[in-house]
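A short write-up of the structure that comes next.
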Amino acid sequence: MKKLLLLLLITLSLQTTEAEKISNANISESEETFNVKEITQKQKSKEKNWTFMVYITSNNNLYEFARPNVQQMEKVGSNDKLNIVVQQDILNQGKAERLFVKKRRSKVIETVINKPESISGTPESLFSFAKWAIEKYPAKKYALILWDHGSGVIDPSIWKVSNKFIPFNLYIFNETTGMYELNRNEIKKRGICFNDVFEIYLKNQDLKEVLSKISSQLLNNQKLNLLGMDACNMAMLEIGTQIKNFVNIMVGSEETEPGTGWNYHPILKPLKKQDLTEQELGIQIVDSYQAYYEKRFTDFTQSAVDLKQINDLEKLINIISEELIKVLNSKNKTDFFKTIKKIRTSRITSTIFANIDYIDLKHFLKSLKVTINKKILLDNYKNSKLNLDKISIAADIAISKIKEMVIKKTYCKTTPKASGISFYFPTRRIHNSYYKTDFALTNKWIEFLQAYIKNK
């Protein structure tokens with residue numbers, strides 16, 4: 001009876017009032033020549049189904065991978081249904097080129113030189129590109145792709161360490177299997193590089209700021225239909241929290257990505273002929289990624305996440321965190337700490353990625369729920385039974401929420417239980433930048449991490 005009551009209370013706590021729903025709803029090949037004025041005027045005069053914007057930050061050791069990705073886009077090209085536009089910085093220069101991509105070739109429409117907007121990895125640069133693309137190439141729906149290295153929710157001090165990471169070293173060829181495998185020894189010493197020349201990158205707070213401006217100033221307070229992150233480690237709960245008010249579909253990888261990144265040809269090809277929904281485009285990106293890597297690489301993930309229900313998931317993690325803290329402060333704290341530590345550090349009960357502070361959220365919750373249900377039956381935990389019940393019920397609902405939110409995922413043999421959303425669970429120390437994230441500022445998870453690390 002108590003379990004049923006708890007379930008009812010937790011479910012009610014997740015429901016949004018009608019007033020809140022109404023309030024949240026408000027946040028919520030025809031060209032024949034490359035005449036720049038003609039292209040711009042024609043695009044303005046007719047709104048297309050999609051504008052696909054690719055922001056390539058390649059003033060770093062990924063530069064050589066940028067041109068092949070643009071060539072993949074050129075295999076499709078823009079037409080009367082689709083705009084494909086790109087901004088790419090030029091290596092070792094304060095210069096960025098803005099391209100309109102047509103079939104078999106691209107045209108430089110605009111060049112930005114020696115301005116804040118020409119330096120990739122800055123809020124000014126990303127917003128300026130989005131403004132240019134949305135105003136000159138209007139469409140019914142917009143996808144913004146961030147192309148570069150990624151570090152997930154943590155903002156590292158990358159230029160304080162050796163920066164000799166070479167993308168080719170990230171994966172090594174196994175002659176026995178004939179496939180590329182993640183070089184985990186290289187990951188441990190790897191620097192996360194963005195704009196190496198100017199030693200700058202977009203922090204998570206910068207990303208939120210830019211997306212907010214895009215929504216309010218360029219999209220009439222509507223959300224971007226899709227934000228894709230062709231980068232490592234970005235499919236995280238905390239990243240979803242940062243962008244949820246400005247983006248409908250988030251696409252990214254829990255694990256690292258090879259330097260070759262996405263294959264843009266199969267991603268864009270359907271958009272040239274049909275009007276995909278934002279969910280269908282997310283699914284197409286994940287399917288294309290799987291087809292590109294499944295026969296050549298042993299370590300890869302990619303997922304498309306619908307952010308509409310992320311508020312419910314955040315509330316559930318908050319409930320779980322509060323109850324975990326209470327049990328960690330009970331007379332059973334020593335035994336319970338060992339229990340959590342075992343779940344967290346075992347690769348059987350947690351999917352641990354190359355960045356060992358990032359683990360799969362659903363796999364952890366499932367393991368936690370199984371263990372908690374066993375603890376409930378023990379006499380020495382009878383004083384914590386109510387807390388354990390709440391954890392078990394909230395974890396069960398959270399697992400269902402994750403299934404609903406992840407509309408498509410792909411994973412490899414080394415991560416068979418990757419669910420599509422990872423989260424931050426360090427075992428030694430909490431990175432200073434994590435305290436600044438929206439998730440840490442609004443959720444009790446940070447307090448649980450502090451209690452956990454204090455007990456280690």
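The values are calculated or read from the model by the stated rules, or taken from the named source; none is laboratory data. Treat the numbers as computed from the prediction; the structure is a model and nothing was measured. Neighbour counts run over all protein chains shown; Cβ positions are idealised from the backbone, glycine included.
Some points to look at:
- Test result for residue 59, modelled with pLDDT under 85 and surrounded by 16 or more Cβ atoms within 10 Å (Cβ to Cβ): yes
- Scanning region 324-339 for residues that are assigned to a helix (DSSP H, G or I) and surrounded by fewer than 22 Cβ atoms within 10 Å (Cβ to Cβ) returns 325, 326, 328, 333, 334, 335, 337, 338, 339.
- Residue match in region 88-102 (condition: more than 26 Å from the chain's Cα centre (by Cα), surrounded by fewer than 18 Cβ atoms within 10 Å (Cβ to Cβ) and closer than 25 Å to residue 271 by Cα): no
- Residues of region 113-130 satisfying the condition of being in a helix (DSSP H, G or I) and of a type in the set (Ser, Thr, Tyr): 118, 125, 128
- Qualifying residues in region 76-85 (those that are touching a Phe, Trp or Tyr at 6+ places or on another chain (Cβ under 8 Å) and of a type outside the set (S, T, N, Q)) - the one farthest from residue 147 (Cα to Cα): 81
- Any hit, region 267-280, residues being modelled with pLDDT of 95 or more, in the same structural domain as residue 75 (by TED's automatic domain parsing) and within 17 Å of the chain's Cα centre (by Cα): yes
- Tallying residues that are of a type in the set (Lys, Arg) and either in contact with a strand residue (DSSP E or B) (Cβ under 6 Å, 6 or more places away or on another chain) or closer than 16 Å to residue 368 by Cβ (or both) within region 398-456 yields 5.
- Test: residue in region 254-266 that is of a type in the set (Val, Ile, Thr), assigned by TED's automatic domain parsing to the domain that holds residue 141, under 20 Å from residue 412 (Cα atoms) and within 14 Å of the chain's Cα centre (by Cα): yes
- Qualifying residue in region 74-92 (condition: in a helix (DSSP H, G or I) and under 21 Å from residue 262 (Cβ atoms)): yes
- Identity of the residue in region 93-112, part of a strand (DSSP E or B) and out of contact with any helix residue (DSSP H, G or I) (no Cβ under 8 Å at 6 or more places or on another chain), that ends up farthest from residue 289 (Cα to Cα): 111
- Pairs are defined by a Cβ separation below 9 Å, a sequence spacing of at least 6 or placement on different chains, a first member in region 208-219 that is more than 15 Å from residue 146 (Cα to Cα), and a second member that is of a type in the set (S, T, N, Q); the pairs so defined are 212/245; 215/221; 215/222; 215/245.
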